[in-house]
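Step one of this worksheet: look at the structure below.
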C-alpha cells in the first residue's frame, strides 16, 4: 500500500509557546491532547492498528517527546571540518506532518526545527 504525507495541520498554527520546564503539567497534557485530536481528525492510527495490536494507541510516547522538544534545547553536532557545534533548536509544531501507510498508520513524524 502506498505511503503518503498528511499535514501540516491548521489547528496547530498560532499556538502560544509552551516551555515544558516551567509549564503546568495540565498545560503540557492539553497540548499533547490537542495534537492527538488533530491526528484523530485526520484519521491517523498508531502502528499495529490494522492488525489489532496497537503499539501506542494514543501516541502518548511520541506526543510527549514532540511537545517536550518544542521547548528550545541544545543539540551537539560537528561542522564539515569536524569542529564541535552546539545549537539551540525547537520543533515548530505548526510544521508537523506525518507519513502514513495505506492503513493510515503513522510511519514517520516530519517537522521543522527553529
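At-a-glance table
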{"read-out": "Given (1) farther than 19 Å from residue 114 by Cα; (2) modelled with pLDDT of 95 or more; (3) exposed (fewer than 10 other Cβ atoms within 10 Å of the Cβ), number of the condition residue 14 does not satisfy", "value": "(1)"}
{"read-out": "Residue pairs meeting the criteria (Cβ under 6 Å; at least 6 apart or on separate chains; first closer than 13 Å to residue 71 by Cα, in segment 7-24; second part of a loop (DSSP other than H, G, I, E, B))", "value": "19/71; 20/71"}
{"read-out": "Hits in segment 97-114 - residues which are under 23 Å from residue 19 (Cα atoms) and either part of a helix (DSSP H, G or I) or free of Cβ contacts under 8 Å to residues at least 24 places away in the same chain (or both)", "value": "112"}
{"read-out": "Any hit, segment 63-74, residues being modelled with pLDDT under 95, surrounded by fewer than 12 Cβ atoms within 10 Å (Cβ to Cβ) and part of a loop (DSSP other than H, G, I, E, B)", "value": "no"}
{"read-out": "Test: residue in segment 81-96 that is part of a loop (DSSP other than H, G, I, E, B), in contact (Cβ under 8 Å) with a residue 12 or more places away in the chain and in contact with a helix residue (DSSP H, G or I) (Cβ under 8 Å, 6 or more places away or on another chain)", "value": "no"}
{"read-out": "Residue match in segment 40-60 (condition: over 17 Å from residue 103 (Cα atoms), within 11 Å of the chain's Cα centre (by Cα), at pLDDT below 95 and not in a strand (DSSP E or B))", "value": "yes"}
{"read-out": "Residue match in segment 39-50 (condition: over 15 Å from residue 107 (Cα atoms), touching a residue at least 24 places away in the same chain (Cβ under 8 Å) and surrounded by 12 or more Cβ atoms within 10 Å (Cβ to Cβ))", "value": "no"}
{"read-out": "Residues (more than 16 Å from the chain's Cα centre (by Cα) and either within 19 Å of residue 98 (Cα to Cα) or assigned to a loop (DSSP other than H, G, I, E, B) (or both)) located in segment 17-39", "value": "21, 22, 23, 24"}
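The values are calculated or read from the model by the stated rules, or taken from the named source; none is laboratory data. Every value quoted in this text rests on a predicted model; they were computed, and no experiment measured them. Heads up, the Cβs are rebuilt from the backbone with ideal geometry, glycines too, and the neighbour counts pull from every protein chain shown.
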